[in-house]
Amino acid sequence: MVTYLDHAASAPMRDEAIEAMLPYLRDQYANPSGSHRFARQARQAVDESRDRVAAVLGCRPNDVVFTGCGTESDNMAITGAVQRHGGVAVCPAVEHHAVLEVVEHHGGTVVGVDAAGRVDLDELATRLGALADAGRTVSIVSVMAVNNEVGSVNDLAAVRRVVRRHAPDALLHTDAVQAASWLDLRQVTPHVDLLSLSAHKFGGPKGVGVLVENGGPRIDPLLIGGGQERERRSGTHNTAGIVATAVALELTDADRPTENDRLALLRDQLVDGLQAALDGVHETLARSEKVAGSAHVCIDGIESESLLFLLDEADVCASAASACASGAMEPSHVLAAMGVPHERALGALRMSLGHTTTVDDVERGVDVVAAAVTRLRDHAGSAPVLSGSGRVSS
Amino acid sequence: MKVMCAMSGGVDSSVAALLLLEAGHEVVGVTMKLWGGDSDTGCCSVSDVDDARRVAQQLGIDHLVFNFGDDFDTHVVDPYVAAHAAGVTPNPCIECNRTVKFARLAERADLLGFDAVATGHHANIGRESDGTLTLLRGDDPAKDQSYVVHMLDQAQLARTMFPVGGMHKSEVRERAAQIDLRTADKPDSQDVCFITSTGGRTSFLGDRIPFHRADVVDLDGARLGEVESVEMVTIGQRKGIGLPGGGPKRYVVDVDTTTRIVTVGADSDLLRNDLVVHSMAWVDHVVSGDVRVQASAHGATQRAVIEAVDERPGAVTVTWAEPQRRIAPGQSVVFYDLTDRRVLGGGIAD
């Protein structure tokens with residue numbers, strides 16, 4: 001039996017979403033852009049899905065653009081803004097690579113974060129002001145809603161105030177890929193101009209992303225061709241994927257209040273269990289500062305790669321930081337930006353919970369992680385160095 | 001046994017994994033991510049990792065990637081750069097074997113419950129009647145790699161396997177082709193993994209250390225010309241030292257990065273009667289007396305007598321049977337028995 005504690009990497013698809021896809025794979029396979037009855041049926045499915053997604057996101061249906069993945073949405077937002085408006089792209093240092101690498105690719109500006117991984121609003125104001133003083137325009141500021149590694153939540157209303165004051169012409173984008181399961185997106189969308197989602201993070205299929213262009217198109221498209229998605233994103237619609245995305249998003253939205261409560265309890269049980277079983281388990285962020293499904297810890301006296309190997313052998317799925325192109329774990333740029341010491345970051349473990357997580361998963365997770373850590377520490381022959389003040393925050 | 005097979009994405013380690021499986025071992029393939037910069041196979045050698053992963057899938061074994069980039073920088077790349085700055089010519093592949101592959105990876109394998117680490121090196125491990133383990137040349141003389149794994153001691157050999165050491169390269173490729181492994185026809189890797197064929201050593205080092213112009217002088221101190229970067233000059237070098245052609249062949253016989261002087265002379269001026277080798281690692285016990293000596297990866301061996309240097313622990317004096325060309329400081333020097341088959345130990349030329 002596999003204990004899956006890696007929902008932030010990809011969540012299992014919801015059965016209803018799988019069922020919803022099948023007719024569009026088997027029977028309703030026509031190209032939604034076609035001119036016959038068969039095509040119109042597929043087109044209707046795409047348009048209805050757009051309405052349903054817009055309702056959850058609190059935006060107009062015509063502002064919803066279906067893309068090929070979250071990374072494409074992020075790229076379209078930033079590259080599209082830079083191409084349309086020129087000027088500088090800005091983001092905090094803890095963004096997902098799908099944002100951070102794009103901003104750096106365009107020669108943009110990266111700003112720091114606080115110890116909880118949230119964008120440093122004072123530094124953001126200073127940097128935007130300095131760019132303005134230097135006569136440089138800012139095309140886009142991109143601040144993630146929820147961090148994918150440690151689960152911290154940015155206050156996008158506050159970010160918006162800073163951006164409007166210091167870079168009034170800049171667009172504000174949020175990578176909300178990790179937010180859909182935890183935040184009411186109707187409370188997020190109004191604060192931003194652009195918002196990116198990825199379906200497979202909330203029980204939809206891989207290969208579908210969403211970009212919300214709040215208030216209409218103000219950026220250049222990335223993919224140019226047949227003019228689908230109102231010329232915002234060319235390429236044949238992934239009808240089955242889009243339908244399943246709408247189904248999964250609606251279910252996630254409906255379950256959110258109860259799931260937030262249920263999973264926060266399980267997450268607390270997981271981390272409490274580890275801290276009871278082991279010394280030197282540091283909860284990276286206080287529980288009040290992160291989303292319910294996020295259980296990120298740094299464990300003294302072990303290396304993440306070794307721990308993940310033993311967890312894998314015991315059929316427990318978790319992760320450490322993001323992987324590079326070779327598949328190797330990279331030292332976490334998120335923990336580094338938050339000021340977590342390198343030594344501590346070596347023992348990072350990200351466990352992430354989601355809609356299929358049960359109390360059995362949590363109990364088994366505690367047992368297996370505790371046994372693996374104990375084995376690694378015993379073998380290394382080095383007892384963890386305990387320090388009463390060592391905990392980052394909790 | 002439970003064996004961790006280091007899979008580089010080449011054909012030798014692919015077949016090593018295959019042979020381990022056939023021998024009934026429990027095998028997990030591991031590719032080390034060592035270098036994060038440019039390489040001839042893409043950033044982080046991603047296409048090599050892809051090849052290793054696909055071979056592992058074909059064999060039905062698990063495959064993992066371990067990131068030892070920090071260790072590689074600290075123990076291989078940084079010393080390589082520092083050595084060049086000091087006018088020394090190191091062998092980074094040997095340092096990688098010494099500090100990463102047979103140290104960091106082997107320790108992790110031990111930690112994770114593996115009985116041994118296997119690699120695709122062409123070398124053999126034997127056992128004497130008294131239980132002593134021996135490190136022997138690979139069976140394919142053209143591909144023998146005992147030189148680059150000479151630093152393994154008894155404890156390491158006991159936990160190391162070289163499954164393809166008894167095969168010729170053509171057999172290795174045949175075995176890979178028989179089961180359609182994608183690496184069957186892959187060319188052997190050449191040179192240093194972190195130096196690209198387009199940029200070369202000059203570009204790599206030029207990005208990391210300042211180059212200094214140096215005078216080129218003859219043995220009497222007469223100035224003959226100059227070189228742009230003394231850090232790139234190696235003992236024994238003949239080309240690229242800024243001297244006009246046509247005259248007698250001149251070789252670099254000495255490099256001094258402090259005074260920035262490159263001394264050149266005739267071939268015969270390179271000849272030496274002896275050599276001191278430091279940082280010795282012995283396969284079993286300390287050896288003195290008659291040996292054969294190899295001073296490059298695929299070089300011929302020469303007869304010599306070795307004896308410990310009294311006042312320098314870990315150093316030996318090599319007295320050549322016949323005068324030999326000077327060996328560049330930093331090169332690995334490996335001692336074999338008189339059959340030229342068994343590794344006794346090795347160290348680094350003064």
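Only the coordinates and a few stated rules stand behind these numbers; no lab work does. Treat the numbers as computed from the prediction; the structure is a model and nothing was measured. Every residue, glycine as well, gets a Cβ built from its backbone with ideal geometry; the counts of neighbours run over all protein chains shown.
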Check: chain A dipole with +1 on Lys, Arg Cβ and -1 on Asp, Glu Cβ, in debye
1320
Between A:D51, A:D15, A:D63, which gets the highest mean-square fluctuation from a Gaussian network model of chain A, Cα cutoff 10 Å?
A:D15
Calculated over segment B:167-253: convex hull of Cα atoms, volume per residue (Å³):
166
Among A:A199, A:T174, A:G227, which residue has its Cα positioned farthest towards the positive end of the charge dipole of segment A:15-252, with +1 placed on the Cβ of Lys and Arg, -1 on the Cβ of Asp and Glu, and the dipole taken about the Cα centre?
A:G227
Can you give the Rg to Rh ratio of the protein assembly as shown, both from alpha-carbon atoms, with Rh computed by the Kirkwood formula?
1.04
Can you give the three extents of the C-alpha atoms in segment B:270-349 along their principal axes, from longest to shortest, in whole Å?
30, 29, 20
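Taking only DSSP H segments of four or more residues, each worth -39500 (n - 2.57), what value at 222 nm results for chain B once the sum is divided by all its residues, to the nearest 500 deg cm²/dmol? Could you put the intermediate results ahead of the total?
Working: 9 runs with 70 residues, N = 350.
Rounded to the nearest 500, the figure is -5500 deg cm²/dmol.
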Which of the aspartates and glutamates could a cross-linker span from B:K249 if the Cα-Cα distance has to be under 15 Å and same-chain partners fewer than 8 positions apart are dropped?
B:D218, B:D267, B:D269
Evaluate the relative contact order of chain A (contact order divided by residue number), counting alpha-carbon pairs under 8 angstrom at least 6 apart; express in whole percent.
22
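Just for segment B:210-265, what percent of DSSP beta bridges are antiparallel, to the closest 5?
Approximately 75 percent, going by the DSSP bridge assignments.
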Report, in debye and to the nearest 20, how large the dipole of segment B:210-265 comes out about its Cα centre when Lys and Arg carry +1 and Asp and Glu carry -1 on their Cβ.
240
Rounded to the nearest 5, what is the percent of antiparallel bridges among the DSSP beta bridges in chain A?
60
If you project the alpha carbons of segment B:2-178 onto the principal axes, what extent comes out on each, in Å, largest first?
46, 40, 35
List, in the order given, every pair from B:K143/B:K239; B:K2/B:K186; B:K2/B:K101; A:K290/B:K33; B:K186/B:K239; B:K2/B:K33 whose Cα-Cα distance in the structure shown is over 26 Å.
B:K143/B:K239; B:K2/B:K186; A:K290/B:K33; B:K186/B:K239
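Suppose every K and R has +1 on its Cβ and every D and E has -1 on its Cβ; what is the size of the dipole of segment A:172-247 about the Cα centre, in Debye to the nearest 20?
Dipole size: approximately 160 debye.
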For segment A:15-252, just the Cα atoms, rotate onto the principal axes and tell me the three extents in Å, largest first.
58, 33, 26
How high is the relative contact order of segment B:210-350, given as a whole-number percent (alpha carbon pairs under 8 Å, six or more residues apart)?
21
With springs only between Cα atoms under 10 Å apart, run a GNM on chain A and tell me which of A:Q83, A:Q44, A:Q28 wobbles the most.
A:Q44
If you take the beta carbon distance between B:V286 and A:L265 as r and set R0 to 56 Å, what does 1/(1 + (r/R0)^6) give as a FRET efficiency, to the nearest 0.05?
0.30
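Fewest Cβ neighbours within 10 Å first, please rank B:E174, B:E231 accordingly.
B:E174, B:E231
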